[in-house]
Amino acid sequence: MFELPTLPFDKTSLSPYISAETLSFHHEKHQQAYVDNLNRLVQNTPFVSLSLEDIIFKTHNIEEHKAIFNNAAQVWNHTFYWHSLTPPTLFSPPGTLTDLLEKDFGGYESFLEAFKKAALAQFGSGWAWLVLEDGHLKIVKTSNAETPLTDKNVTPLLTCDVWEHAYYLDYQNRRGDYVQAFLENLLNWPFAEHNAQRS
Ligand code: MN3
């Protein structure tokens, strides 16, 4: 049985950029629903004994397993998103990725612009990601439950959830303000750097 992971921070600690109310719904309702759906869907199937990652790899792009993929990937994406966030009191600018940000985007400010542009350009529900591919930083966006985890050439470093449920209570339709607040105050650079080192 898959379980809802605990948040790696206190749910009041991202305020005022993301409220405890948003995090309560997002974690305890939305992610919990993905966990519950996944457990129900894999019951009495060979998937029940696999890791979350292996379920994602084995169901990706397979029409008959689309519901399993969607729920498994959403569990994984959300856990990765929680770890991509840090309380603003603990925020630190990029450290070991500074040189790559310079090389691949022309600097930190240009990276912020490019990430925000991608997050805004994602039509409808989805995710914006910073990934490492062949030693280069890249920004990618995915729709719905799609995740760069399924691309073997790519290491996900961090993500921003741009489904409306991630920001609507705090920002209503202003996705750009949410993404800006995420980038400037909540982005967990040590997590991104840890992922880059492990790749
Ligand atoms: Mn979400």
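Numerical summary
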quantity: Within straight-line cross-link reach of Lys58, aspartates and glutamates at Cα separation under 14 Å, skipping those fewer than 8 residues along the same chain; calculated: Glu146, Asp151
quantity: Cβ-based net charge around Leu137, under 11 Å, with every Lys or Arg adding one and every Asp or Glu removing one; calculated: -3
quantity: Between 0 and 90°, nearest 10: helix 32-42 axis offset from the chain longest Cα axis; calculated: 40 degrees
quantity: Compactness of the range 138-199, expressed as Rg and Dmax over alpha-carbon positions, Å; calculated: 13.1, 37
quantity: Peptides 183-194, 91-102 ordered by average Cβ neighbours within 10 Å, highest first; calculated: 183-194, 91-102
quantity: Estimated inter-spin distance, Asp177 and Tyr108, nm [label 7 Å along Cα→Cβ]; calculated: 2.5 nm
quantity: Point-to-point label distance, Thr45-His165, nm (Cα→Cβ direction, 7 Å offset); calculated: 1.9 nm
quantity: With Cα atoms, 0 to 90° folded angle of helix 66-84 axis to the chain main axis; calculated: 30 degrees
quantity: Nearest 10 degrees, 0 to 90: helix 108-121 Cα axis against the chain principal axis; calculated: 40 degrees
quantity: Normalised alpha carbon radius of gyration of the chain [divisor 2.2 N^0.38 Å]; calculated: 1.00
quantity: For Arg174, Arg198, order by how many other beta-carbon atoms lie within 10 Å, fewest first; calculated: Arg198, Arg174
quantity: Label-point separation, Met1 to Thr98 (7 Å along Cα→Cβ), nm; calculated: 4.8 nm
quantity: Reachable aspartates and glutamates from Lys29, criterion Cα separation under 15 angstrom, eight or more residues apart if same chain; calculated: Glu3, Glu21, Glu164
quantity: Eligible lysines near Lys138 by straight Cα distance, threshold 18 Å, same-chain separation 8 or greater; calculated: Lys103, Lys116, Lys117, Lys152
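Coordinate-derived values only; no laboratory data. Keep in mind it's a predicted model, so treat the numbers as computed, not measured. Neighbour counts run over all protein chains shown; Cβ positions are idealised from the backbone, glycine included.
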